[in-house]
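J.: Starting off with a structure, shown below.
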Amino acid sequence: MKSTVYNILRLAAGILTVLALIGQRYIPPKIITLRPNPDTVHTLYGHSNGDGISAEWVDAEKHMFTCEYAPQHPYSCGYALTITSDGVTGLDLTHFEGLNILFHYQGNAPEIRLSLRNYNPEQNDPRDPAQSAKFMSVLIRTKDLNNPAFVRLTEFGVAEWWVREFDVWREHSAPDFGNVISLGVDFISRSTNTVTIEKIDLVGTWIRKETFYLSLIAMWMALILWEGFTKVYAMYRDSRSASQRIDKLIADYKKLEVEKREFESLSITDSLTGVMNRTGIQQFLEKLFKGNFDRGQTGLLIFDIDHFKRINDRRGHDVGDRVLRGVAKLIEQNIRQTDVFGRWGGEEFILVSPQASEEKLTALAEKLRNTIHAHTFEQGSEPLRVSVSIGATLAASNEAFEIMFKRADTALYEAKSGGRNCVIFKPPMSG
């Protein structure tokens, strides 16, 4: 009876561990949207003079403003987002990794400053929390704006002027994200600027990796200690039965190893891109095309990345792998849930689209082609853009997949031969 209990607990813990390790990477990030968010308050600040203030709204509803930091102005101008309702109770960002931002910028400033204010009642002045709160900032080059960017909290540092002005002790001068009450965007060089704050998201994890792995270890340690104690007690009573249980443990371990290898061999996910692999697609197609039924309105797209070998030869396979992952992600983000998408092999991808017409299928193919061609895959000094050629077709009634695939493959060949970066549609044979 006890041996059965051991096996059930061990197997359950093993299954839970495997499921947890696999599922942990697919847990969506914890996201808090600060902009757009009707619960947050946004204001402009800047030098006030006889001619007006140095920051003005162009379109407050869109969070679009101008900021002229002129030589005669004693301090800069910018944008503040208040994330506290009572002035002192903000957000705990200690479990967040950073911020996803999208700012649209026009102007001549070399950089823009992103700042956070953290209020601590034990260190800051409760009479003026907004000004005394710890000022942490990071500089972002303006040439890196106009595209989504991720800013890690580890990039923020405490401003020296804040440490000096409030005579902060050394042990209190490190960054602190336990109670952030506001976020600011401003400029530190004389310049004329137009900025639109389109998106600010806090990005984090629901559970830290350290906590996750420690929880698994604690579970296994508790199971091992409990099991060990009961086994020692059982061996003390009956050494022969203890020997039999050890043999059973070895047999169970081997069984788990066999089951693990069988599980890995049944995997249908492409390890590089994270999308379905060829085996998974073929399993789906076997079910879809099994039986004698009308397969009309089933569309097929075959994608091939243009000049992919040249990318690998000139940029290296690491860049090639990132391009493959990036193309797969862009396609996944722009298709329906009912569409089946995966990597067919090499730089080729395949998409099966049910309930499709020629017009809808070619429109989808053009949308995906344009999305990929407009995306910058490698940032920095050597940005990289790629294109894809697409062969498209629809299935005829009661047509085998192999015939449909050959027709789409022929269309893909014509697209590659015709100059690449285009979509060729081949209709099924009439009759």
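J.: I'm trying to understand the selection: among the residues of region 274-317, which are at pLDDT 85 or above and aliphatic (A, V, I, L, M)?
T.: Residues satisfying the conditions are Val275, Met276, Ile281, Leu285, Leu300, Leu301, Ile302, Ile305, Ile311.
J.: Return yes when Thr393 is in contact (Cβ under 8 Å) with a residue 40 or more places away in the chain, within 30 Å of Lys290 (Cα to Cα) and part of a helix (DSSP H, G or I) and no when it is not. Step through it out loud before you land on a result.
T.: Values: in contact (Cβ under 8 Å) with a residue 40 or more places away in the chain: yes; within 30 Å of Lys290 (Cα to Cα): yes; part of a helix (DSSP H, G or I): no.
No: the conditions fail for Thr393.
J.: Quick one: is Leu364 in contact (Cβ under 8 Å) with a residue 24 or more places away in the chain and assigned to a helix (DSSP H, G or I)? Steps first, answer last, please.
T.: Numbers: in contact (Cβ under 8 Å) with a residue 24 or more places away in the chain: yes; assigned to a helix (DSSP H, G or I): yes.
Taking the combined requirement at face value, the residue satisfies it.
J.: Still on this structure, please answer the following. Collect the residues in region 100-133 that are assigned to a loop (DSSP other than H, G, I, E, B) and either surrounded by fewer than 18 Cβ atoms within 10 Å (Cβ to Cβ) or not assigned by TED's automatic domain parsing to the domain that holds Ser182 (or both), keeping them in residue-number order. Talk me through it step by step, then tell me what you get.
T.: Filtering region 100-133 for residues assigned to a loop (DSSP other than H, G, I, E, B) gives 108-110, 119-128, 133.
Answer for region 100-133, where residues must be assigned to a loop (DSSP other than H, G, I, E, B) and either surrounded by fewer than 18 Cβ atoms within 10 Å (Cβ to Cβ) or not assigned by TED's automatic domain parsing to the domain that holds Ser182 (or both): Asn108, Pro110, Asn120, Pro121, Glu122, Gln123, Asp125, Pro126, Arg127, Asp128.
J.: For Ile27, are the conditions met, namely being in contact (Cβ under 8 Å) with a residue 40 or more places away in the chain and farther than 26 Å from Ala130 by Cβ? Spell out the reasoning first.
T.: Numbers: in contact (Cβ under 8 Å) with a residue 40 or more places away in the chain: yes; farther than 26 Å from Ala130 by Cβ: yes.
Considered against the rule, which asks whether it is in contact (Cβ under 8 Å) with a residue 40 or more places away in the chain and farther than 26 Å from Ala130 by Cβ, Ile27 comes out as yes.
J.: Moving on to the next point. Taking the condition of being buried (at least 17 other Cβ atoms within 10 Å of the Cβ), closer than 20 Å to Leu288 by Cα and either of a type in the set (A, V, I, L, M, F, W, C) or touching a Cys at 6+ places or on another chain (Cβ under 8 Å) (or both), how many residues in region 396-431 meet it?
T.: Result for region 396-431: 5.
J.: Given the criterion out of contact with any Asp or Glu (no Cβ under 9 Å at 6 or more places or on another chain) and surrounded by 14 or more Cβ atoms within 10 Å (Cβ to Cβ), identify the matching residue among Leu364, Leu330.
T.: Leu330
J.: Oh, and also: Taking the criterion of being surrounded by 18 or more Cβ atoms within 10 Å (Cβ to Cβ), in the same structural domain as Ser54 (by TED's automatic domain parsing), of a type in the set (Ser, Thr, Tyr) and under 21 Å from Trp162 (Cβ atoms), would at least one residue in region 86-98 satisfy it?
T.: no
J.: Moving on. Quick test for you: out of Ala133, Ala159, Ala174, pick the one residue that is more than 28 Å from the chain's Cα centre (by Cα) and closer than 20 Å to Thr40 by Cβ.
T.: Details: Ala159 fails: closer than 20 Å to Thr40 by Cβ; Ala174 fails: closer than 20 Å to Thr40 by Cβ.
Every option except Ala133 fails the conditions.
J.: Identify the residue in region 270-323 that is in a loop (DSSP other than H, G, I, E, B) and β-branched (Val, Ile, Thr) and, among all such residues, is farthest from Val386 (Cα to Cα). Explain how you work it out, then say what you get.
T.: Going through region 270-323, the residues in a loop (DSSP other than H, G, I, E, B) turn out to be 270-275, 277, 289-298, 306-307, 316.
Still in the list and also β-branched (Val, Ile, Thr): 273, 275, 298.
Details: Thr273: 17, Val275: 20, Thr298: 28 Å.
If we take residues in region 270-323 being in a loop (DSSP other than H, G, I, E, B) and β-branched (Val, Ile, Thr), then Thr298 is farthest from Val386 (Cα to Cα).
Conditions tested, residue by residue: (1) part of a loop (DSSP other than H, G, I, E, B); (2) among the β-branched types (Val, Ile, Thr).
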{"position": "Ile31", "(1), (2)": "no, yes"}
{"position": "Leu44", "(1), (2)": "no, no"}
{"position": "Trp57", "(1), (2)": "no, no"}
{"position": "Glu61", "(1), (2)": "no, no"}
{"position": "Phe65", "(1), (2)": "no, no"}
{"position": "Pro74", "(1), (2)": "yes, no"}
{"position": "Ser85", "(1), (2)": "yes, no"}
{"position": "Gly98", "(1), (2)": "no, no"}
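J.: In region 156-196, how many residues are closer than 28 Å to Thr142 by Cβ, of a type in the set (Ser, Thr, Tyr), in contact with a helix residue (DSSP H, G or I) (Cβ under 9 Å, 6 or more places away or on another chain) and assigned to a loop (DSSP other than H, G, I, E, B)?
T.: 0
The values are calculated or read from the model by the stated rules, or taken from the named source; none is laboratory data. Computed from a predicted structure; not experimentally measured. All Cβ positions, even for glycine, are placed from backbone atoms using ideal geometry, and neighbour counts span all protein chains on display.
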